[in-house]
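Reviewing the structure listed below.
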Amino acid sequence: MPTPAVVPWQPTKAAHLICLALAQVGKQYVYGIEGQPDLLLDSWDCSEYVQHMLAIAGVDAVTDDSDPPLVTPIGNFDGAGFQYERCHHIGLTQAIETPGALLFVQSASLYHGKPHDIGHVAISLGVHAGTGFLVEARGKAYGVVVSPVRGSFTLAGKVRELYTPAVVSV
């Protein structure tokens, strides 16, 4: 009987993103902070955090759901509403179960005038012991934290380019 081939585990960019994002826990939140996307900053706001983690995980551009698809360079993938607009939309339950998916807070009363009335974005960590968790640059009083998914997250999407093999230097 032939011996089956051993296929080594291939990490995805999503797995790399999670590791990078978790390494930022404890950093402070500064609204509106900006920086070159491929660099780690000393503090974050929510969308800059997502943009930088994607860039450092190896995502160069994000493709949306339009036909033909729009390709957004990662350097332009900033602002929670714009990030929602340009990612692949998926159901909230699927996103909570998909590590690396993006979760969004939409509220016309809180974020009126922002694109799609979206004012916050976080990264799903998947489900652990029956509870969905996320990592986010939550706000000035919290900084970058891991927490259970809150009911205020109502929209979701994923960056398709995250679910391809990662090239990680050791």
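The values are calculated or read from the model by the stated rules, or taken from the named source; none is laboratory data. Remember, predicted model here, so these are calculated numbers, not experimental data. Reconstructed Cβ throughout: ideal geometry from the backbone, glycine too, with neighbour counts over all protein chains shown.
Values as computed for the structure displayed
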{"quantity": "Criterion: outside any loop (DSSP other than H, G, I, E, B) and more than 18 Å from G139 (Cβ to Cβ) - qualifying residue of T72, T98", "calculated": "T72"}
{"quantity": "Given (1) surrounded by fewer than 20 Cβ atoms within 10 Å (Cβ to Cβ); (2) within 23 Å of H16 (Cβ to Cβ); (3) touching a helix residue (DSSP H, G or I) at 6+ places or on another chain (Cβ under 6 Å), index of the condition K114 fails", "calculated": "(2)"}
{"quantity": "Subset of the range 32-68 (residues that are under 23 Å from A156 (Cβ atoms), part of a loop (DSSP other than H, G, I, E, B) and not β-branched (V, I, T))", "calculated": "P37, D45, A57, G58, D60, D64, D65, S66, D67"}
{"quantity": "Where a residue in the range 48-71 is in contact (Cβ under 8 Å) with a residue 60 or more places away in the chain and farther than 10 Å from R86 by Cβ and its partner, wherever it lies, is of a type in the set (G, A, S) and in a helix (DSSP H, G or I), with Cβ under 9 Å and at least six apart", "calculated": "Y49/A21; V50/A21; V50/A80; M53/A21; A57/A14; A57/A15; A57/A21"}
{"quantity": "Failed item in (1) under 11 Å from the mean Cα position of the chain (by Cα); (2) hydrophobic (A, V, I, L, M, F, W, C); (3) under 13 Å from C46 (Cα atoms), with V144 passing the rest", "calculated": "(1)"}
{"quantity": "Tally of residues being assigned to a helix (DSSP H, G or I) and either over 18 Å from F153 (Cα atoms) or among the aliphatic types (A, V, I, L, M) (or both) across the range 75-95", "calculated": "5"}
{"quantity": "Verdict on Q24 being modelled with pLDDT of 90 or more, buried (at least 18 other Cβ atoms within 10 Å of the Cβ), closer than 20 Å to V146 by Cβ and touching a Phe, Trp or Tyr at 6+ places or on another chain (Cβ under 6 Å)", "calculated": "no"}
{"quantity": "Odd one out for P37, checked against (1) in contact with a His (Cβ under 6 Å, 6 or more places away or on another chain); (2) at pLDDT 95 or above", "calculated": "(2)"}
